[in-house]
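The values are calculated or read from the model by the stated rules, or taken from the named source; none is laboratory data. Keep in mind that what you see is a predicted model, and the values were worked out from it rather than measured. Neighbour counts run over all protein chains shown; Cβ positions are idealised from the backbone, glycine included.
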Protein chains: 2
Amino acid sequence: MEEKTISQAVIGRLPRYYRYLGDLKDAGMERISSGELSELMSVTASQIRQDFNNFGGFGQQGYGYNVEYLYNEIGKILGLNEAHRLIIVGAGNLGRALTNYSNYENRGFIFEGIFDKDEDLIGKKVGDLKVLPMNELEDFIIGHNIDIVVIAIPKTGAVEVADRVVKCGIKAIWNFAHTDLNVPDDVVVENVHLSDSLMKLSYMLYRND
Amino acid sequence: MEEKTISQAVIGRLPRYYRYLGDLKDAGMERISSGELSELMSVTASQIRQDFNNFGGFGQQGYGYNVEYLYNEIGKILGLNEAHRLIIVGAGNLGRALTNYSNYENRGFIFEGIFDKDEDLIGKKVGDLKVLPMNELEDFIIGHNIDIVVIAIPKTGAVEVADRVVKCGIKAIWNFAHTDLNVPDDVVVENVHLSDSLMKLSYMLYRND
């Protein structure tokens, strides 16, 4: 497939397509037209066709897309056909919630380790994992071929953790700390700023009145 | 202030401005120019001015913005000068993580209750709250003037919960379930689809190689 520069907006929509197609596949649906998908997802059919055309169009014929094919192709684009090995820094409630998120593993996201600086947590079990001390972070990342680090600690420690993991070659950070991370250009950061999200909701509620 | 239609993109950026201004205020900074703010936030100065012009410009003078004034004004726009009363449906790790998120209360987000259908969790303490059974949901929402419902349960139950809370007048849902909710037009939903976010990271990592 020829590589084009794909806009962030399109990329942001891919996981949602993938989610809907997975549900359709699980429900036994074999084909779907862009019109039906449009109605289901509340997106215009022309938007769907434009989005898919970024990736060669996925062979939409008069009778629609093959659901399983489309699901698998979008999965490949999302890099889900390769396993990703993750660690979580922060074994508080949020870190624990993230390890327990059940449907990651099916999609190739494997949680290999969880770390905390709190002596009381070190050695405790979180699911199948034992909480490890922060001084083992670098060796673990290198020894276990970790490719994604999840930062689930307060903002005070987050910048230092990001620096440490980037130094051992990590190129992807899933950041839940309430701060932006300054990382080199070749490192990707996906922020989940929960407070920002809640404030956005507050704004919409307030303006809605 | 005259009301204009503000784009979702601008709204999406407001909490980030608010976060940076809060940090500057806490650090004792009194004034900041759009140039300095631009450098700090890695956003162009013209973007900042355009964004702020949606709200009247906040009195940028030659010598810059008053940090505390700007912080407070953006807070007001975000509806943070009014208290919001929240409940969480789902007392699993994620629900517990959300109640413990420390910096909400300062901004007027008050967690009033947490609910679960799991008999083993009902009556247990989560922070200062006791987990309540699902059959008390409607009475609690009405009796405690709840205005935001947080859905932190798997997708199977989420749609039914959304229907129930909308029926008792809830106009804002913070949705962590891995599904989109169909709600009436006057109800705002802010989705935090963690799997979508992780897949986006996977995409960026994969394309980055």
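Structure above, values below:
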| item | result |
| --- | --- |
| So residue A:167, is it at pLDDT 95 or above and either on the phi > 0 side of the Ramachandran plot or in the same structural domain as residue A:88 (by TED's automatic domain parsing) (or both) | yes |
| Subset of the stretch A:170-200 [of a type in the set (D, E, K, R) and farther than 18 Å from residue A:138 by Cα] | A:180, A:185, A:186, A:190, A:196, A:200 |
| In the stretch B:67-100, the residues that are at pLDDT 90 or above and in contact with a Lys or Arg (Cβ under 8 Å, 6 or more places away or on another chain) | B:67, B:68, B:71, B:75, B:91 |
| Within the stretch B:16-40, tally of residues that are facing chain A (nearest Cβ under 9 Å), without any contact (Cβ under 8 Å) to a residue 60 or more places away in the chain and not acidic (Asp, Glu) | 3 |
| Qualifying positions in the stretch A:115-141 - touching a residue at least 12 places away in the same chain (Cβ under 8 Å), farther than 15 Å from residue A:162 by Cα and aliphatic (A, V, I, L, M) | A:121, A:126, A:129, A:131, A:132 |
| Which listed residue is touching a His at 6+ places or on another chain (Cβ under 9 Å), modelled with pLDDT of 90 or more and not β-branched (Val, Ile, Thr), from A:36, A:112 | A:112 |
| Wholly enclosed strands (runs of 3 or more DSSP E) of the stretch A:146-209 bearing at least 3 residues surrounded by 16 or more Cβ atoms within 10 Å (Cβ to Cβ) and touching a helix residue (DSSP H, G or I) at 6+ places or on another chain (Cβ under 7 Å) | A:148-151, A:172-175 |
| In the stretch A:164-188, the residues that are more than 19 Å from residue B:200 (Cβ to Cβ) and polar (S, T, N, Q) | A:179, A:182 |
| Among (1) within 12 Å of another protein chain (Cβ to nearest Cβ); (2) free of Cβ contacts under 8 Å to residues at least 24 places away in the same chain; (3) surrounded by 15 or more Cβ atoms within 10 Å (Cβ to Cβ), the one test that residue B:13 misses | (2) |
